[in-house]
Amino acid sequence: MRIFSSRFVFPITSAPIEKGAVAVDGSFIRAVGPSAEIVSKFPEAERRDLGNAALIPGLINAHTHLELTNFGPFKKKRGLFFKESSFVSWLIRLGIRRRIKAKLLGSRPFIRAYRKGLEMLRASGTTCFGDITSLPEAPALVDDKGLRAVLYFEAIGFNPSGAEQKASEMDEVLERAETKKQSKLVTLGLSPHSPYTVSSRLFVLLSQLAERKGLPLSVHMAESSQEVKYVMESSGEFVKRLYPLIGWNKFVPAPTNMSPARYLNSLGVLKKGALAIHAVHVDDTDIAIMKKTGTGVAHCPRSNYFLKVGTAPVNRFMESGIPVGLGTDSLASNATLSLWDEMRFARDTLPLEPSILLTMATLGGAKALGLDRNIGSLETGKEADMIAVSTEGCRSGEDPVSYVLETGTEERIRMVMVAGKEI
Ligand SMILES: [Zn+2]
């Protein structure tokens, strides 16, 4: 048994504790409370005082593409505040760059990028993330780093007659990934990319595959107005600009006259354990469907801003009781992978209370990724995924949650722990 004490403990599910402590037994949290109480309960335990810091649950990034971490020059040249001329232009540019890189250099730069992304997450206090990947090496890379993740293997397939083949390929990809992963910290999942890159037939097959294997599923949904137009009317920028470049025009289906959320629901994609990434363009009916089916949301405010796609109705999701996690998305549409930066951006633009934002970046993410029984808060019985962040400079009487949110950066992280192990 080990006791970690600090100036503050934020359990998230209850109010911050001043002079608090967390007792950790192996990989699990045994008790949380005032330090004096915890110490007298376990007098034999090994003790560690983290000093002027707040012990909080490890941050949970609900949406990343770590293999795109090296697409930095893309943003460096332009900065977060240069916004793309259109979502489709960005996607075309990203697709071309990705394809050229893969052709010239194979998977090596993507593996390097993945490792770099993992370290960026760890260093900024993120202990768990939901990643979209096509790298077979991803489970082993995450294991090596000691982080926790849901790895959603990505599927793209627009030609309906190739759907069976693609679904069975994904089945094999997942089988192989299963044999490669070593620790229980990695959960495998499946991600049909989006309504504009996956045929309806493939959506149905992959949704069935996820169900058969008991895997979580995530999908980019209702991100841009171009996507809405495409799903509704089978027209717009995707059809005019993207598909001719990749020979997809001949596969464009008949208009559905539905919103992306209604369309995906009609294919059985939205369900308990499903994660809708972005969900910017949703109306009240869509939100009711998401609530009813148990679909969660990965909210990525800085990426949405960068790509000029609009603002997701986060307050309405929360009022409806839909789980909302916070995601950075990749460095192809964001400046950093830090959830501190993401929380501050959300606070300044929405605006939301600091405690709500911190809940979104911890317990909300855990719920969205389907891991809230194990992580997301500091509570007895949960796994010890926690970080210590400095509260030096926080005056007495000042709200410590606001303070931590205001000052949280890589430099102020004092400890990162996943399942009781410091990493
Ligand atoms: Zn994404």
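Sites listed here are trypsin sites (Lys or Arg not before Pro) in the stretch 323-423 whose DSSP assignment is loop and whose Cβ has at most 13 other Cβ atoms within 10 Å: 373, 395. For the chain, DSSP calls about 40 percent of its internal beta bridges antiparallel. The convex hull built on the alpha-carbon positions of the stretch 1-149 has an orientation-averaged projected area of 11.7 nm². Over all alpha-carbon pairs in the stretch 284-347, figure out the percentage whose distance exceeds 16 Å. Cα-Cα pairs in the stretch 284-347 separated by more than 16 Å: 46 percent.
Computed extension length for residue 234-residue 178: 16.4 nm, one decimal, from 0.36 nm per residue of separation with the Cα-Cα distance subtracted. What the Kirkwood sum gives for the stretch 200-357 is a hydrodynamic radius of 16.5 Å, with every pair of different alpha carbons counted. Taking every alpha-carbon pair under 8 Å whose residues sit at least 6 apart, the stretch 1-54 reaches a relative contact order of 45 percent. As a proxy for reagent exposure, ranking 411, 342, 44 by other Cβ atoms within 10 Å from fewest up yields 44, 411, 342. By the rule of a C-alpha distance below 14 Å, with chain neighbours fewer than 8 residues away ignored, the aspartates and glutamates paired with residue 382 are 25, 372.
When all alpha carbon pairs of the chain are counted in 10 Å bins from zero, the resulting P(r) reads 5, 23, 32, 25, 11, 4, 1, 0 %. When shorter helices are ignored and each DSSP H run of at least 4 residues is given -39500 (n - 2.57), the per-residue value for the chain at 222 nm works out to -10500 deg cm²/dmol.
Here's the list of aspartates and glutamates a cross-link from residue 229 could span, going by alpha-carbon distance under 17 Å and ignoring same-chain residues fewer than 8 apart: 237, 283, 286. In the chain, Cα pairs under 8 Å separated by at least six residues give a relative contact order of 22 percent.
Quarter the surface of the alpha carbon convex hull of the stretch 291-423 and you get the mean projected area, 9.4 square nanometres.
Values in this text are rule-based calculations from the coordinates and carry no lab data. None of these values were measured; they are calculated from a predicted model. We place every Cβ from the backbone using ideal geometry, glycine too, and count neighbours over all the protein chains shown.
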